[in-house]
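Everything below concerns the one structure shown next.
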Amino acid sequence: MSNSVCFSLAPPGGWDLSHQTHSAVVQAIFAVSSDERVPEAIWETPTDKEWRDVAQLVSDYVDDGDFTLDNGRFAWGPYGTLRLWPAKRQN
């Protein structure tokens, strides 16, 4: 993914718990946020592009080993889930 500008504000401690959101999703939300779209706004009502960008970043985080895929479900608040499917392995 080619991010021309990333907001470099780190998520405050406990943001993932208070928002019931997986820490990989929180990290990605903060990465795509800007002065125009603060993390809270993205978390509450992501645009289609923001949802795709966050999904791509979470996938990159998993690929890079920063987070594990586990069951492929990454909570986005109490009612939403970002779902990543494991890549098919070729023998």
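FYI, it's all coordinate maths here, none of it is from the lab. Remember, it's a predicted structure, so these values are computed and weren't measured experimentally. Ideal geometry is used to build each Cβ from the backbone, glycine not excepted, and the neighbour counts take in all protein chains shown.
For the stretch 16-53, enumerate the residues that are outside any helix (DSSP H, G or I) and either of a type outside the set (Asp, Glu) or under 16 Å from Gly80 (Cβ atoms) (or both).
His19, Gln20, Thr21, His22, Ser33, Ser34, Arg37, Val38, Thr45, Pro46, Thr47
What are the residues in the stretch 61-77 that are surrounded by 15 or more Cβ atoms within 10 Å (Cβ to Cβ) and of a type outside the set (A, V, I, L, M, F, W, C), if any?
Selection gives Tyr61 alone.
Counting only residues that are free of Cβ contacts under 8 Å to residues at least 40 places away in the same chain, within 16 Å of Arg73 (Cα to Cα) and touching a Phe, Trp or Tyr at 6+ places or on another chain (Cβ under 8 Å), which one in the stretch 5-28 is surrounded by the most Cβ atoms within 10 Å (Cβ to Cβ)?
Ala28
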